[in-house]
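Have a look at the structure below before the remarks.
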């Protein structure tokens, strides 16, 4: 069976376009995080096309729990920058909090909420907060991971109504 030349050209062109459309995968590590890749065998940052995945960043540096949490958010910013993304490009955040019960979990979340407001002033990412009994870094009260889409923070919009003002009627 002979394949017409024109069909063969179309097949070759299709294969070439499919190969170009396949995103590349880059493994990145901000300065000081190379040991994660070389010794612990995980990538601090993986970039696939415009998608950026940041592995868990433990809150380990600082003289208070809130300072350690702020350090983790600052490290997140540096991890994103390594891949060409910004905090505004973050579309999903997952935080893990060491706690023995729900009351401790809620208490541990308070400083995270304060710091989160510093880094995400509007157009907030999706966020899941998870309580756990332990993290890899023993002294970390929490760990932070994120996903971002490069450029998605340039013109975000939220079609979410603000809360209704409190009722001022008196009975």
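The values are calculated or read from the model by the stated rules, or taken from the named source; none is laboratory data. Predicted, not measured: the structure shown is a model, and the values here were computed from it. Methodologically, a virtual Cβ is constructed for each residue, glycine included, from the backbone with ideal geometry; neighbour enumeration extends over all protein chains shown.
Of all the residues in segment 130-171, those that are surrounded by 12 or more Cβ atoms within 10 Å (Cβ to Cβ), more than 22 Å from residue 87 (Cα to Cα) and without any contact (Cβ under 8 Å) to a residue 40 or more places away in the chain number 2. For residue 13, the conditions (1) modelled with pLDDT under 95; (2) in contact with a strand residue (DSSP E or B) (Cβ under 7 Å, 6 or more places away or on another chain); (3) in a helix (DSSP H, G or I) are fulfilled apart from (2).
So that you can scan it fast, the table gives a plain yes or no per residue for (1) modelled with pLDDT under 55; (2) at positive phi; (3) surrounded by 10 or more Cβ atoms within 10 Å (Cβ to Cβ):
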{"residue": "8", "(1), (2), (3)": "yes, no, yes"}
{"residue": "23", "(1), (2), (3)": "no, no, yes"}
{"residue": "29", "(1), (2), (3)": "no, no, yes"}
{"residue": "33", "(1), (2), (3)": "no, no, yes"}
{"residue": "37", "(1), (2), (3)": "no, no, yes"}
{"residue": "41", "(1), (2), (3)": "no, yes, no"}
{"residue": "44", "(1), (2), (3)": "no, no, yes"}
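Scanning segment 98-118 for residues that are closer than 19 Å to residue 75 by Cα and surrounded by fewer than 16 Cβ atoms within 10 Å (Cβ to Cβ) returns 113, 114, 117, 118.
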